[in-house]
Amino acid sequence: MKKISTELENTRKTFSFFSRLKRNSPVDNGLWNEIEEALIQADVGVTATSRIIEVLQVKSKELRLSTSESILDLLKEQLKNSLQKFNTELDSGGDPSVWVFVGVNGVGKTTSVAKVANWKSNENERVVLAAGDTFRAAASEQLEKWANSCGAELIKGAEGADPSSVIYDATEYAQAKNASLVLADTAGRLHTKSNLMQELEKIVRVANKGSGTVTEVLLVLDATVGQNGLQQAKSFAESVDLTGIILTKLDGSSKGGIIFAIAEELAIPIKLIGIGEGKEDLIPFDPEIFVEKILDFPEES
Ligand SMILES: Nc1nc2c(ncn2[C@@H]2O[C@H](COP(=O)(O)OP(=O)(O)OP(=O)(O)O)[C@@H](O)[C@H]2O)c(=O)[nH]1
Ligand SMILES: [Mg+2]
């Protein structure tokens, strides 16, 4: 998979305030207020920001830190800690494993299915895609194109078919063909519509009935929506046991700070990030690299 290079540039810009901490100003209330404001501006969210500030203040007292530069190092450490408490591995323990992709409209579910298919196919895994978005015919056509370009097989149903049965069929097919992984696309749905959320619950239940096991239910979130993503995650988590988050469109977003709000407020790990529209544009989420990239200020500005 790709390595991250310039894709976090917009997010890095929103954290540019912190380059000022390199100027060794004294640590006083004014500085704490500025740090707090900068974190909120960077979409870290009010709750996560308060927690981060609290820890920073306690630790900086303990360590008797007196310069703003040392606070920057402490901030990096604290941000990494807040992300590292989760296991970001994807679970392939089913036989076959079923990974279900869920989320609201247009967040990048289908593209993420394709990216994961491409990644796993390149590792010589046999991958079956389930066209669980039966809402419109164009959805399975879109997935079929990706399947062809990623070397994956596709199981689809008629337009309007029950998505649960399409995903179930794909799992049985995978088992018969010795494929290890089923990637199930689903239709975009509003998290506020309870009938649509119940359908998801059914999809997971039915997929577990046959030969396979649902080992991942991945919520796809669009990073450009910032704090709204939190509400989406809370609603989806009420209907299905989310095992991870795929945060897409980080390449165009300046709201990557949302990652810290997700880590602080939801006990759901971010497992993958999307950094473009191509099938290669997906990378495993690495807290260390993420924090270093967004707080990297080679020259004082
Ligand atoms: N820049 C960028 N664009 C992305 C990324 N992921 C998806 N997209 C784009 O977002 C748009 C929607 O992607 P889809 O994969 O169709 O989204 P979806 O969630 O399946 O949409 P629905 O099925 O309509 O709910 C497309 O134009 C994608 O190319 C990403 O990581 N970065
Ligand atoms: Mg789709």
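The values are calculated or read from the model by the stated rules, or taken from the named source; none is laboratory data. Since the structure is predicted, the reported quantities are computational estimates derived from the model, not experimental observations. No Cβ is skipped: glycine too gets one built from the backbone with ideal geometry, and neighbour counts run over all protein chains shown. Heads up: the accessible areas ignore ligands, DNA and RNA and are worked out on the full protein's heavy atoms, side chains in. Shrake-Rupley method; radii C 1.70, N 1.55, O 1.52, S 1.80 Å.
For the reader, a short list of remarks on this structure follows.
- Unique match (being open to solvent by 10 Å² or more (accessible area, probe 1.4 Å), in contact (Cβ under 8 Å) with a residue 12 or more places away in the chain, of a type outside the set (A, V, I, L, M, F, W, C) and on the phi > 0 side of the Ramachandran plot) among GLY151, GLY226, GLY252: GLY151
- Residues of region 115-140 that turn out to be farther than 16 Å from LYS271 by Cα and either touching a residue at least 12 places away in the same chain (Cβ under 8 Å) or buried (at least 24 other Cβ atoms within 10 Å of the Cβ) (or both), as a count: 17
- Selection count where residues are assigned to a helix (DSSP H, G or I) and within 11 Å of ligand 2 (Cβ to nearest atom), scope region 120-140: 3
- Identity of the residue in region 82-109, among the β-branched types (Val, Ile, Thr) and within 14 Å of the chain's Cα centre (by Cα), that ends up most open to solvent (accessible area, probe 1.4 Å): THR88
- Of the residues GLU77, GLU36, the single one that is in contact with a helix residue (DSSP H, G or I) (Cβ under 9 Å, 6 or more places away or on another chain), modelled with pLDDT of 90 or more and open to solvent by less than 70 Å² (accessible area, probe 1.4 Å) is GLU36.
- Criterion (at pLDDT 95 or above, open to solvent by less than 80 Å² (accessible area, probe 1.4 Å) and not aromatic (Phe, Trp, Tyr)) met by exactly one of LEU56, LEU21: LEU56
One line per residue, one yes/no per condition, for (1) more than 16 Å from SER97 (Cα to Cα); (2) more than 24 Å from the chain's Cα centre (by Cα); (3) within 16 Å of ligand 2 (Cβ to nearest atom):
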position: GLN142; (1), (2), (3): yes, no, yes
position: LYS156; (1), (2), (3): yes, yes, yes
position: GLU159; (1), (2), (3): yes, yes, yes
position: ASP162; (1), (2), (3): yes, yes, no
position: SER165; (1), (2), (3): yes, yes, no
position: ASN178; (1), (2), (3): no, yes, no
position: LEU183; (1), (2), (3): no, no, yes
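- Annotation: PHE260 fulfils all but one of (1) assigned to a helix (DSSP H, G or I); (2) surrounded by fewer than 19 Cβ atoms within 10 Å (Cβ to Cβ); the unmet one is (2).
- Output for region 202-225, where each listed residue is within 25 Å of ALA114 (Cβ to Cβ), away from ligand 2 (no atom under 16 Å from the Cβ) and not β-branched (Val, Ile, Thr): LYS202, ALA207, ASN208, GLY210, SER211, GLY212, GLU216, ALA223
- Matching entry among ALA117, ALA147 (being within 16 Å of ligand 2 (Cβ to nearest atom) and farther than 19 Å from THR215 by Cα): ALA147
- Check on SER164, away from ligand 1 (no atom under 16 Å from the Cβ), modelled with pLDDT of 95 or more, touching a Lys or Arg at 6+ places or on another chain (Cβ under 9 Å) and in a helix (DSSP H, G or I): yes
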